[in-house]
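Just below is one structure, and these are the notes that go with it.
The numbers here are math on the coordinates, done by the rules we state, and not lab data. Please read these numbers as outputs of a predicted model, since none were measured by experiment. So basically every Cβ, Gly included, is an ideal-geometry build from the backbone, and we count neighbours across all protein chains shown.
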Amino acid sequence: MIGGGVLHECLADTGVQEVISIVRTPGTVRHPKLREIVHVDFMDFGAIASKAFTRIDAAFFCLGVSSSGMSEADYTRVTSDITLAAAQALLQASPEATFVYVSGAGADSTERSRTMWARVRGRAENALLQLPLKTFILRPALVRPMYGIASRTASYRRFYAVAAPLLPLLQRLFPQWVTTTEVLGRAMLELARHGASRRVLESRDINLVGLSDREATPNKTANSPASGRPALSAMAGIALIAAVGALAFAYTAGWLSPRRLTPVRMVDALSRRGGDPVGHRRNHAKGVCFTGEFASNGAGAALSSAPMLAAGRYAVIGRFAIATGNPQAPDATGRVRSMALRIVAPGHEEWRTGMNNSPVFVVSTPQAFYEMTRAQEIDPATGKADPRALQRFFSTHPESAPFAAWARSAPWTASYADQTYNSLNAFYFVDRVGRSHLVRWSMEPTTQESPVPPSSLVTLGPNFLEEDLTRRLAREPLRWHFIVTLAASSDPATDATRAWPTDRQRIDLGTLSVQRAVDEADGPCRDYNFDPTVLPAGIRPSADPLLAARSSSYARSFDLREAEAASYRRHPSSRGPVP
Ligand code: HEM
């Protein structure tokens, strides 16, 4: 919530030229001044330091989780270690910049409090104040959310829902204890511009500093949004480390629980399945980029306010791939094929989706996906995976039976063009009056399926899929119907191993045309992370735990391949991604 409020103030401030928001999972705010960097490993900002922390005037650190249910070690990790990692990165890249850390009222500078969170917060503050940086510590008590900004932590949301009518009164009675997200954000900007006489600011000080620029603008009321703000002295950029929501998301997905499955562990396992994945996606590692467009017929507009569901034509960047960890894998080994899309509407709203050609996913939880991945690891002694390990996995995971049946019986083909691609995870379409509709979506080809026995595929060479695609597109664009399926109330929202009955209502949203293929090394999809939680207004993720795991793992995979880009060379004649 604080991160969201501070972001709102930074974007509204006419003197701030750019805001770089560093998040673990993509946010929903789009703004011409906002550049978002999705970064998973908050213990190490090295890979993004040059993009995130150079040529900036200030870094605002607004990350925080509730200590409830956390061990001191985990809470220290989130509260102190991550803060220091960010401050160190700033120190290296922009030593003149200001670091503003949002701590909390009651933090104990003596570090001896009996209350765990107060001790840990105090320790973090003290460590920060030791660094040779212009650092300010803010200790707000009760923060009143403004402009519809809500906490993404359910317990805080419940608290604010109950306390909302009382907060304005409390603010008048106890101004020293209550502040607002607006005043907090303004105070942070003021500290970055002019500093303050003290380095640790309690709630009362925050209000004094945050309201000081307002007094210079008589026609502005307490609730007035950006319009009335004065053009304050310019600031080139602000890095905002605002992972509150994202981290809460990760926490509910179990990433921070004691025997946690982290994106780092997940992606490490995905990287040990053969070939040389360095520089490449750690799953669906072999693929080809394409460009095209989605011609929406407007039939989805009654179900979702997503701008690309209004009738019109929308640009698409996409990627076909086989689900392998090995970028050099022969195409005949890719049982699962995929289509990933980024559909863009005017105003920069985007819809990213990754779909597979299986009708169901192989597992329903991140933990099971991890175990299956471990069973596919290459044994360095034999150079092969142990086939018994995968058999053992399937014999202990009955939920994988529908996927295994499809893998055994579905026809193989020699083309990406004749496959149906399915979202598998469920999402909500949200209509204009705020009603949510549980849906899954699919791309159904207009190209007739042509089965080819697997033994014949082997004779087509290692790269027949990309070759076939290029040949077909040289003749004409390829088309798919974009079909959305509406769930009935008995259909599972959070289990991608279970197909919904075939009689569910289906709506054809329009036609995807794939027009041009470009080799991935030089192609426009190369630097995109098709994170399925990057969604436009009007579509939101379901609570399927695979979605949170996908989002954080794709970001980790993206970070790795971006840092390893020198190991995945563009073709010598290429000067950059071909649009
Ligand atoms: C816990 C479950 C999963 C994990 C950990 C996982 C992990 C990954 C990773 C690390 C990548 C590479 C991302 C990148 O570097 O850009 C990837 C790609 C992909 N995954 Fe998953 N995945 C999971 C579940 C799923 C599911 C349920 C689907 C369903 C359709 C799916 C479809 C895809 C597709 C289509 C791509 C390729 C995207 C592209 O072409 O860039 N994944 N996955």
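Given a Förster distance of 22 angstrom, what is the FRET efficiency for residue 565 paired with residue 35, based on the Cβ-Cβ distance and rounded to 0.05?
Working from the Cβ atoms, E equals 0.70.
Could you pull out every Cys in the chain that lacks a partner Cys with its beta carbon under 4.7 Å away?
10, 62
R0 = 41 Å: FRET efficiency of residue 476 with residue 540, Cβ-based, nearest 0.05?
Result of the calculation: an efficiency of 0.70.
Write down the percent of antiparallel bridges among all DSSP beta bridges whose residues are both part of the chain, to the nearest 5.
70
If the reach is capped at under 19 angstrom between alpha carbons, list the aspartates and glutamates near residue 51, excluding any in the same chain fewer than eight residues apart.
18, 36, 41, 96, 527, 559, 562, 564
State the extension gain, in nm to one decimal, for the chain segment bounded by residue 515 and residue 432, taking 0.36 nm per residue of separation less the distance between their alpha-carbons.
Residue separation times 0.36 nm, minus the Cα-Cα distance, leaves 26.6 nm.
If I take R0 = 35 Å and measure r between the Cβ atoms of residue 311 and residue 72 in this structure, what FRET efficiency does the formula 1/(1 + (r/R0)^6) give, to the nearest 0.05?
FRET efficiency, residue 311 to residue 72: 0.05.
Under 8 Å for C-alpha pairs, at least 6 residues apart: give me the relative contact order for the range 261-567, rounded to a whole percent.
26
Taking 8 Å as the Cα distance limit and 6 or more residues as the minimum spacing, I'd like the relative contact order of the chain as a percentage.
This gives 16 percent for the chain.
Mean shadow of the range 261-567, computed from the convex hull of its alpha carbons, in nm²?
One quarter of the hull surface, i.e. the mean projection, equals 15.9 nm².
Which value, in nm² and rounded to one decimal, describes the direction-averaged projected area of the C-alpha convex hull of the chain?
Dividing the Cα hull surface by four gives the mean projection, 29.0 nm².
So what's the back-of-envelope 222 nm ellipticity for the chain, counting only DSSP H runs of four-plus at -39500 (n - 2.57) apiece and dividing by all residues, rounded to 500?
Counting only the DSSP helices, I get -8500 deg cm²/dmol.
Once fully extended, how much extra length lies between residue 382 and residue 43, figured as 0.36 nm per residue of separation less the alpha-carbon to alpha-carbon distance?
Gain on stretching residue 382 to residue 43: 118.5 nm.
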